[in-house]
Amino acid sequence: MDLFEIIGGRLDVIEEESEQPDFSRECSHMEGLGQDRGPAQGQKGPTQRFSVDTNDSLRFEACDTPSPTGQDDVFGATENENGVIRNKLQEKVSEMENFAGHLEEIFLTVEENFGRREQHLEQHYNDVLQTLSQRYDDRGAALQEEKKSKLESLYGQLLECGRALDSSKELIESAQEVHRCHDKRLFLKMVVPTINRIEAFAKDDIDLNLSTSLEFNTPLSDLSDVKTMMDSINVVPAPSAPVINPQSPNSASQTSLHVCWSLFSDDTVEYYELYYRPVLEDCPPSDSSAPPVSQVKVKETHCTVSELLPNAQYELWVTATNTTGISPASEKALYMTVPSPPVLNSRSYMSCPEAALIRWESGNTNPVDSYTVEISEVTSDGAEGDIKESIVAVPSCQCLVQLQPGLSYVISVRAVNIGGPSERSEGLTVHTTGTYFSLLEDSSHHCLYFSEDMLTISYGYDDLPISAMAFDDIGFTRCVAVLGDLIPVRGRHYWEVELDDGTEYRVGVAYEDTDRDSYLGANNTSWCMRHILTPTRHKYEFLHNGWSPDLRITVNPVRIGVVLDYDLGSLSFYNVDLKQHLHTFQCHFRNFVHPCFGLDNPGELSVHNGIQSPKFTFT
């Protein structure tokens, strides 16, 4: 069975087991909830479900199914807990799959290197055997030549001895014939030549020693080249090029990087040299003004590089060295240090009793992968408690978070990249006692002035310079007005407006795309309460699409309460000092609306938000 199949099978079992605890835990909560005390059977009451739409906004939708008291909270906590456990298990499964794949790659590489080394060793020994066989053939041929020469010499000497014996035999036979001759005259005639021949034969020197040695010379064989070949097997080769591993998650800090690499062979290495330098977009590495290359020598296949820049990209490569030489440089890898903490914008955040929209600035020159929002409650003694919820993988610099009414929270943000999360940003305290928003200065008319807290506007008599009268499609051009940045959450919102009797104003709500070249209340995208000064009285109008009902208000309101209720589809106005209802628009908002404030004559208007809706507004 393949290693990948074995590991894949185990991972499938882990995933199945990871789903079972969530199901069992959910069932246990369901059983526990079934035993709790709740409303009588058949009794139904409307509940609200908190949801997020596609444009990162929250909605409260009515649910027909009744639920026991506190059951939504329990279900929410259970779902959050199950989601956290499921995410952790999925991360573990993903890590194990990656690790299994990495192991399989290492196994395949080791097997390939072993086969290559085995083939190299076999070829090496074949070369040695071939060299020795050639030496053997050469030595055998030389020995045959020496043998042939010795045999030829001995054969020639043997022929000489044979001829000498034949001559000696012939003389002996001649001497015997002379000796047997009885004729004295013939004897004397034959004896003298015979004696001369014998004397001449005796004078010849016959060498009876062997002309050649019977021993064979044994010359010393020069096997130095064979010895060199044999010794070369034990020589350590220079290492191959290392391979830098991709950056592991959470392996860095703001000023350090943990770098790992591998040597996919059986090479012998004494030490490694790691090179690194920061990568600058406007400065290529070949430029002479590029940052210098730093170097670290280590023994292991990992190293922690410190004293680096936060949220910076670094280029790294490594070489291996042993007694034979230095390996080629590895391919260059890119690592990232952890980002700097984001900077929360304390003026642009929005909140309501059920949620808050938090905005921040990255605080980093290089982009980050995502953000993590951490939420903790403020205890009764004003101290920050433990983190109760974390929202991960936030892609942009804003996040809409769900909160509980009537509490105080401290919200902080971390920036995350491949190296890990940054330190926590400075905390932002959010109170969910009411609706809080700020004014959108970009949408304002050029004649408006703003206070430092961006909650008071004034319309002065002084003319502005022409440079300040830049007309565009964002700001109001005819009506001296400004929009408020209300949180995009459906439900009930309340705020108050404070002004004096001598100010003509318009207060209400409008769509974000309302006509900037029109007056508030004069179109079908805005609803407002208008105050007009006449020579005889104070006139009040409740305008929408240029039409107003015929209403008369006897007591001039100085502090106006505005209630926006998406669920009921209504916009109501109240005289806060008298707790008096003034008027209610019944409308079905097709989209989220923004508070709007306008001044028709010089004066001042102050917005009060973040306050709890008074009881008289619920009647």
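Quick check: is even one residue across the stretch 358-365 buried (at least 21 other Cβ atoms within 10 Å of the Cβ) and either over 30 Å from Pro239 (Cα atoms) or among the acidic types (Asp, Glu) (or both)? Yes; the residues of the stretch 358-365 include at least one that is buried (at least 21 other Cβ atoms within 10 Å of the Cβ) and either over 30 Å from Pro239 (Cα atoms) or among the acidic types (Asp, Glu) (or both).
Among the candidates Val392, Val368, the residue that is surrounded by fewer than 18 Cβ atoms within 10 Å (Cβ to Cβ), closer than 19 Å to Ser253 by Cα, of a type in the set (A, V, I, L, M) and within 20 Å of the chain's Cα centre (by Cα) is uniquely Val392. The combined condition, being at pLDDT 80 or above, among the hydroxyl-bearing types (Ser, Thr, Tyr) and surrounded by 11 or more Cβ atoms within 10 Å (Cβ to Cβ), is fulfilled by Thr131. The set of residues in the stretch 371-386 being out of contact with any Leu (no Cβ under 8 Å at 6 or more places or on another chain) and either more than 20 Å from Ser346 (Cα to Cα) or open to solvent by less than 50 Å² (accessible area, probe 1.4 Å) (or both) consists of Tyr371, Thr372, Val373, Glu374, Ser376, Thr379, Ser380, Asp381, Ala383, Gly385, Asp386. Checking each residue in the stretch 542-575 for being closer than 19 Å to Glu496 by Cα, open to solvent by 30 Å² or more (accessible area, probe 1.4 Å) and of a type in the set (Val, Ile, Thr) picks out Val555, Val558. Of the strands (runs of 3 or more DSSP E) lying entirely inside the stretch 321-401, those containing at least 2 residues that are under 24 Å from Asn311 (Cα atoms) are 333-336, 355-361, 370-378, 384-394.
Taking the stated definitions as given, is Glu177 among the acidic types (Asp, Glu), open to solvent by 60 Å² or more (accessible area, probe 1.4 Å), assigned to a helix (DSSP H, G or I) and closer than 30 Å to Asn209 by Cβ? No, not satisfied.
Given the residues Thr337, Thr323, which is the only one that is farther than 30 Å from Leu439 by Cβ, modelled with pLDDT under 95 and open to solvent by 10 Å² or more (accessible area, probe 1.4 Å)?
Thr323
Could you tell me whether the stretch 284-293 includes any residue that is in a strand (DSSP E or B) and at pLDDT 90 or above? No; the residues of the stretch 284-293 include none that is in a strand (DSSP E or B) and at pLDDT 90 or above.
The single residue among Tyr314, Tyr271, Tyr349, Tyr371 that is farther than 30 Å from Glu452 by Cβ, in contact (Cβ under 8 Å) with a residue 40 or more places away in the chain and out of contact with any Pro (no Cβ under 6 Å at 6 or more places or on another chain) turns out to be Tyr271.
Has the stretch 139-148 got at least one residue that is surrounded by 11 or more Cβ atoms within 10 Å (Cβ to Cβ), modelled with pLDDT of 80 or more and closer than 30 Å to Met190 by Cβ? Scanning the stretch 139-148, I find no residue that is surrounded by 11 or more Cβ atoms within 10 Å (Cβ to Cβ), modelled with pLDDT of 80 or more and closer than 30 Å to Met190 by Cβ, so the answer is no.
When the stretch 133-176 is filtered for residues that are among the acidic types (Asp, Glu) and in contact (Cβ under 8 Å) with a residue 12 or more places away in the chain, the ones remaining, listed by number, are Glu146, Glu160. Look at Asn87 and say whether it is closer than 24 Å to Leu400 by Cβ, assigned to a helix (DSSP H, G or I), modelled with pLDDT of 80 or more and within 41 Å of the chain's Cα centre (by Cα). Answer is yes for this residue.
The values are calculated or read from the model by the stated rules, or taken from the named source; none is laboratory data. No experiment lies behind these values; they were computed from the predicted model shown. Neighbour counts run over all protein chains shown; Cβ positions are idealised from the backbone, glycine included. Areas reflect the complete protein model, heavy atoms only, side chains present, ligands, DNA and RNA absent. Shrake-Rupley method; radii C 1.70, N 1.55, O 1.52, S 1.80 Å.
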